[in-house]
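A.B. asks: What follows is a single structure, and I will ask about it in a moment.
What follows draws every value from the coordinates through simple rules; no lab data is involved. Here the structure is a predicted model, which is why all the values come from computation and not from measurement. Ideal geometry is used to build each Cβ from the backbone, glycine not excepted, and the neighbour counts take in all protein chains shown.
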Amino acid sequence: MEQNGCKIREIMAQDFDALMQLYTHLHNNPIPEKCDKVAAVWQQILTDSAHHIIVAEIGGTIVSSCVCVIIPNLTHDQRPYALIENVVTDAAYRKLGLASACLQFAKELAVRENCYKIMLMTGAKDQETLQFYEHAGYNRHDKTAFIQWL
């Protein structure tokens with residue numbers, strides 16, 4: 001999908017370094033050292049048909065991304081649900097609608113996969129970020145999220 005000189009697509013194997021660079025904008029996440037463990041996780045993600053990393057690319061540079069995982073389910077007429085994680089945009093490219101475009105791509109994917117809902121959690125507390133998610137169609141009133149860090 002192309003929009004305003006920006007290409008929204010799913011990740012490809014050769015995008016690893018660019019994605020890791022983008023992830024430094026996500027809570028100052030460090031770039032992992034290349035090792036067998038990291039390579040194995042990358043391969044697992046690339047080969048998992050339920051795991052989708054969606055990216056926004058401008059001029060050959062990945063500048064925004066989100067992860068969408070489709071989860072099988074035995075309730076709701078056995079319809080799956082989608083989980084959104086790792087929504088991030090390079091600071092120099094924020095407020096251009098790129099994360100919104102990635103989330104829209106994820107929504108279209110979830111609809112195509114017959115999901116009955118999409119869940120997204122954020123650790124953000126600032127109103128601007130929370131309003132961004134609300135404008136993208138998410139609400140913070142229907143469910144209560146709990147996290148247990150391991």
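A.B. asks: Rounded to the nearest 20 Debye, what is the dipole magnitude of the chain about its Cα centre when Lys and Arg each give +1 and Asp and Glu each give -1 at the C-beta? It would help to have the intermediate numbers written out before the result.
C.D. replies: Values: 13 positive and 17 negative charges, 58 e Å.
With only Lys, Arg, Asp and Glu charged at Cβ, the dipole is about 280 debye.
A.B. asks: How much of the pair distance distribution for segment 1-84 lies past 14 Å, counting alpha-carbon pairs only, in percent?
C.D. replies: Working: 2405 of 3486 pairs.
Beyond 14 Å sits 69 percent of the P(r) for segment 1-84.
A.B. asks: Given segment 83-150 reduced to its alpha-carbon atoms as identical point scatterers, what log10 I(q)/I(0) does the Debye formula return at q = 0.20, 0.23 Å⁻¹?
C.D. replies: Each listed q maps to, in turn, -0.95, -1.19.
A.B. asks: Still on this structure, please answer the following. With a 10 Å cut-off between alpha carbons and a GNM built on the chain, which of ILE58, ILE71, ILE84 moves the most?
C.D. replies: Most flexible of the set in this elastic network: ILE71.
A.B. asks: At most 16 other Cβ atoms within 10 Å and a DSSP loop assignment: could you name the chymotrypsin sites (Phe, Trp or Tyr not before Pro) in segment 50-150 that fit? Could you put the intermediate results ahead of the total?
C.D. replies: Values: sites: TYR81, TYR93, PHE105, TYR116, PHE132, TYR133, TYR138, PHE146, TRP149; in loops: TYR116, TYR138, PHE146, TRP149.
Answer in residue order: TYR116, PHE146, TRP149.
A.B. asks: May I pose another question? Where the centroid of each part is defined by its Cα atoms, how far is segment 34-71 from segment 73-89 in Å?
C.D. replies: So the separation of the two Cα centres works out to 17 Å.
A.B. asks: Between ALA145 and LEU74, take the C-beta separation as r, use R0 = 25 Å, and let me know the FRET efficiency to the nearest 0.05.
C.D. replies: Numbers: r = 21 Å, r/R0 = 0.85.
Calculated value: 0.75.
A.B. asks: Could I ask something else about it? Of all DSSP beta bridges located in the chain, what percent are antiparallel, nearest 5?
C.D. replies: The antiparallel proportion sits near 90 percent.
A.B. asks: Show log10 I(q)/I(0) for the chain at q = 0.17 Å⁻¹, two decimals, from a solvent-free Debye sum over equal Cα scatterers.
C.D. replies: -1.09
A.B. asks: Quick one: compute the contact order of segment 33-86, relative version, from alpha carbon pairs under 8 angstrom and 6+ residues apart, as a percent.
C.D. replies: Numbers: 61 pairs, mean separation 12.7, N = 54.
Rounded, it is 23 percent for segment 33-86.
A.B. asks: Once you have the Cα-Cα distance between GLN44 and GLU10, take 0.36 nm times their residue separation minus that, and quote the gain in nm to one decimal. Could the numbers behind the result be given before it?
C.D. replies: On the way: separation 34, 0.36 × 34 = 12.24 nm, distance 1.50 nm.
Answer, rounded to one decimal: 10.7 nm.
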